[in-house]
1. Return the residue satisfying two criteria in turn: it lies in segment 8-53 and is aliphatic (A, V, I, L, M) and loosely packed, with under 14 Cβ neighbours inside 10 Å, and of such residues it is nearest to residue 134 (Cα to Cα).
2. What's the total number of residues in segment 8-52 that are more than 22 Å from residue 71 (Cα to Cα), outside any helix (DSSP H, G or I) and of a type in the set (A, V, I, L, M)?
3. One residue is enough: does segment 151-169 have a residue meeting the conditions farther than 30 Å from residue 306 by Cβ and outside the structural domain of residue 36 (by TED's automatic domain parsing)?
4. List pairs: first residue in segment 134-146 and in the same structural domain as residue 90 (by TED's automatic domain parsing) and of a type outside the set (A, V, I, L, M, F, W, C), second residue surrounded by fewer than 19 Cβ atoms within 10 Å (Cβ to Cβ) and part of a strand (DSSP E or B) anywhere in the structure, Cβ distance under 6 angstrom, at least six positions apart or on different chains.
5. Across segment 178-222, what is the total count of residues that are more than 30 Å from residue 117 (Cβ to Cβ) and either β-branched (Val, Ile, Thr) or touching a Phe, Trp or Tyr at 6+ places or on another chain (Cβ under 7 Å) (or both)?
6. In segment 17-36, which residue that is touching an Asp or Glu at 6+ places or on another chain (Cβ under 9 Å) and modelled with pLDDT of 95 or more is nearest to residue 276 (Cα to Cα)?
7. Could you pull out the residue among 245, 307 that is surrounded by 13 or more Cβ atoms within 10 Å (Cβ to Cβ), in contact with a Ser or Thr (Cβ under 7 Å, 6 or more places away or on another chain) and among the charged types (D, E, K, R)?
8. So if I check each of 212, 207, 228, which one is touching a His at 6+ places or on another chain (Cβ under 9 Å) and not assigned by TED's automatic domain parsing to the domain that holds residue 113?
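The values are calculated or read from the model by the stated rules, or taken from the named source; none is laboratory data. In this text, all values refer to a predicted model and were calculated from it rather than measured experimentally. Neighbour counts are summed over all protein chains in view; Cβ atoms, including those assigned to glycine, are modelled from backbone coordinates with ideal geometry.
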Amino acid sequence: MSNLGKIDRQFFESRIAPNLGAERDDVVLGPSHGVDFGVIDVGERALVTATDPVSILPALGLERAARFALDLILADVAVSGIPPSHLSICFTLPETMSDDEFATVWETIHEECADLGVAVVTGHTARYSDPSHPWVGAATAMGVGDHADIVRPDGAREGDHLLLTTGPAVESVGLLSTLFPEELELPDHVIDAAQERLEEVHCVRDALTAAAAGPVRAMHDVTEGGLAGALNEMAAGAGARFEIDRAAVPMRPGVAEVCEHLEIDPWAATSCGSLVIAVGSEGVDAVREALENRDTVVAEIGRVEADEDGDGTVVVDGEPLEHPRGDPSWDAYAELAGE
């Protein structure tokens with residue numbers, strides 16, 4: 001049986017990568033496993049683009065669900081250091097979503113886009129008989145900037161410092177504790193702390209803040225596969241060795257308790273809102289200060305070293321850290337939902 005969630009590197013390299021349509025000279029950065037965005041050269045300017053599902057979870061409250069969905073979509077462009085500026089969005093709504101409910105979702109997306117300077121340029125909205133929450137569409141985010149300003153996902157270099165914002169499993173714990181509080185046999189104060197983590201799952205402004213403070217060499221949001229996946233993808237792209245200090249990794253309140261209760265490895269669980277950032281030594285203090293001024297939790301968790309083989313490795317306290325084969329939060333969600 002196939003694992004839930006994103007496809008693995010082997011599937012991508014054997015089935016997807018050999019079949020990418022026409023070869024065009026204007027594609028500066030095309031699809032690669034673990035890479036968040038693509039880049040097209042347009043009149044010597046860079047068009048950064050990324051596509052993601054639209055995920056709406058009504059149980060979060062429609063306004064919060066819409067903000068969460070939009071941040072997830074825009075984040076993959078924001079980690080390039082280029083501000084997202086345009087959005088194309090498609091909704092395949094379930095029949096059960098009323099006009100008023102959709103209006104709440106759409107008006108929230110509009111307000112957040114307006115605040116970020118993002119214009120909606122095209123889309124599609126319809127109801128169909130089969131779709132159901134949370135997957136109700138897909139969207140493509142775009143940003144235009146200078147090629148020299150792009151933070152490449154494979155840009156980490158020997159000597160860089162590795163910063164982590166927020167911490168592992170924040171998204172997973174925030175969602176599961178909010179959606180299934182009665183199913184978690186944990187003290188009320190733990191549930192309350194875990195639910196507060198949902199306020200930390202937004203990283204678009206953090207990514208742009210870090211890039212502006214720089215110099216940022218590489219940046220990756222911690223989504224499916226969690227911190228372990230993000231670190232391995234960045235290290236492999238750079239062909240470098242990431243030396244990580246486990247004790248330096250921040251663990252937000254409620255995260256450890258919920259993960260232990262659900263038998264989830266927090267380092268393997270999705271954590272939208274968290275960023276791994278490779279920063280040149282001369283920019284570490286500036287990046288940390290800029291993020292802390294936004295009240296974002298940030299910690300230095302390791303360094304980038306040379307890798308003899310050039311394959312890219314991650315070592316935590318002297319022990320190799322493998323890329324997770326799947327994301328345990330998916331199985332936990334299915335079990336709690338009774339699926």
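1. 16
2. Summing the residues that are more than 22 Å from residue 71 (Cα to Cα), outside any helix (DSSP H, G or I) and of a type in the set (A, V, I, L, M) in segment 8-52 gives 8.
3. yes
4. Cβ pairs passing all conditions: 134/55; 137/90; 137/92; 140/51; 140/88.
5. The qualifying residues number 2.
6. Among those residues, the one meeting the criterion is 28.
7. The conditions single out 307.
8. After applying the criteria, what remains is 228.
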